[in-house]
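The values are calculated or read from the model by the stated rules, or taken from the named source; none is laboratory data. Note that the structure is predicted; figures quoted are calculated from it, not measured. Because the Cβ atoms are built from the backbone with ideal geometry, glycine has one as well, and the counts that use them run over all protein chains shown. Areas reflect the complete protein model, heavy atoms only, side chains present, ligands, DNA and RNA absent. Shrake-Rupley method; radii C 1.70, N 1.55, O 1.52, S 1.80 Å.
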Amino acid sequence: MPHNSSARRHGGDQSDGSGSAPKSHRSKSGRPTEENEKKSLSKKLKDVEISVPIVYGTISFWLGKKASEYTSHKWTVYVRSATNEDLGVVVKRAVFQLHPSFDNPTRTVESPPFELSETGWGEFEIAISLFFHSDVSDKQLDLYHHLKLYPEDDSSAPQSTKKPVVVESYDEIVFCEPSESFFARAQNHPAVSVPRLPASFNIPPAGAIESVNEKKRGDTKDHPLSQWFMNFSEADELLKLAAARQQVQAHIVKLRRQLTAMDGQPQQLKPASGQ
């Protein structure tokens with residue numbers, strides 16, 4: 001049976017047809033404890049923050065004629081880079097906690113893309129735990145996402161097997177005082193936002209540090225579901241704001257013309273009362 005519970009969000013939700021705008025949220029990852037720091041990772045960059053924009057969510061398809069009482073939808077839950085780049089430079093593995101009615105409800109994905117697909121009939125909350133590489137953080141990050149199978153705009157409308165229900169959340173993971181090795185590996189990676197350091201900082205070249213997840217491509221640019229991914233990029237938001245501003249300006253010009261035309265019309269004087 002469906003399991004409904006309140007979902008805790010780290011970022012702004014956005015779903016198809018909902019009209020809600022994405023909101024940004026910055027989740028600060030915990031700093032490694034001193035006893036767990038290795039000598040090679042002990043040197044930290046003070047007053048430096050690295051942010052990793054991510055998107056997590058679900059895409060669900062109605063199975064149509066193939067649907068049965070207990071398998072009405074096929075869905076995929078995932079964590080991806082906001083720009084669809086490879087998250088393997090930061091994330092080591094992802095653990096998805098499904099509803100206990102599933103076989104093996106705790107699913108671990110050891111390499112990108114961090115996702116899993118299932119079939120079912122009920123909506124429930126999915127817990128997602130991200131674990132990072134040893135030079136990134138020894139603290140896990142927990143996210144929560146509510147699986148949606150049915151559109152919210154019109155529940156009475158017939159479902160389509162071609163148009164899925166998409167719900168995504170945007171978040172930014174912030175790493176305070178990153179290690180030099182992490183900074184060197186991530187400073188030129190498109191999935192990571194890295195600040196410019198003063199010339200006085202002496203960072204070892206990235207080639208001198210063992211890289212991770214180079215054995216296979218882990219980005220989601222050519223993902224089979226990428227056509228349904230929502231765009232959370234700043235450039236896209238700026239374009240939307242610019243288009244909205246143009247519409248407002250055009251409306252103001254139209255109103256001014258109407259007011260000017262009204263001012264040019266002769267005014268009829270009404271006789272004063274009592275005269």
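Computed values, structure above
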{"item": "Single match in THR119, THR76 (criterion: farther than 20 Å from ARG185 by Cα, in a strand (DSSP E or B), open to solvent by 50 Å² or more (accessible area, probe 1.4 Å) and of a type in the set (S, T, N, Q))", "result": "THR119"}
{"item": "Complete set of residues in segment 49-73 that are in a strand (DSSP E or B) and of a type in the set (Val, Ile, Thr)", "result": "ILE50, VAL52, ILE54, VAL55, THR58, ILE59"}
{"item": "Verdict on ARG107 being in a strand (DSSP E or B) and open to solvent by 20 Å² or more (accessible area, probe 1.4 Å)", "result": "yes"}
{"item": "Tally of residues being open to solvent by 10 Å² or more (accessible area, probe 1.4 Å), touching a residue at least 60 places away in the same chain (Cβ under 8 Å) and touching a Phe, Trp or Tyr at 6+ places or on another chain (Cβ under 8 Å) across segment 49-72", "result": "5"}
{"item": "Residue check for GLU152: open to solvent by 60 Å² or more (accessible area, probe 1.4 Å), modelled with pLDDT of 90 or more, out of contact with any helix residue (DSSP H, G or I) (no Cβ under 6 Å at 6 or more places or on another chain) and among the acidic types (Asp, Glu)", "result": "no"}
{"item": "Pairs where the first residue, in segment 252-264, is modelled with pLDDT of 80 or more and the second is open to solvent by 100 Å² or more (accessible area, probe 1.4 Å), C-beta under 6 Å, 6+ apart", "result": "none"}
{"item": "Restricting segment 23-48 to residues that are in a strand (DSSP E or B) and crowded, with 16+ Cβ neighbours inside 10 Å, the residue that is modelled with the highest pLDDT", "result": "LYS44"}
{"item": "Test for LEU98: is it touching a Lys or Arg at 6+ places or on another chain (Cβ under 6 Å), aliphatic (A, V, I, L, M) and open to solvent by less than 30 Å² (accessible area, probe 1.4 Å)", "result": "no"}
{"item": "Residue match in segment 86-93 (condition: part of a strand (DSSP E or B), free of Cβ contacts under 8 Å to residues at least 60 places away in the same chain, out of contact with any Pro (no Cβ under 6 Å at 6 or more places or on another chain) and β-branched (Val, Ile, Thr))", "result": "yes"}
{"item": "Segment 165-196, residues that are part of a loop (DSSP other than H, G, I, E, B) and buried (at least 21 other Cβ atoms within 10 Å of the Cβ)", "result": "PRO178, ALA191, VAL192"}
{"item": "Scan of segment 102-151 for residues that are free of Cβ contacts under 8 Å to residues at least 24 places away in the same chain and at negative phi, ordered by number", "result": "PHE102, ASP103, PRO105, THR106, ARG107, THR108, VAL109, GLU110, GLN140, ASP142"}
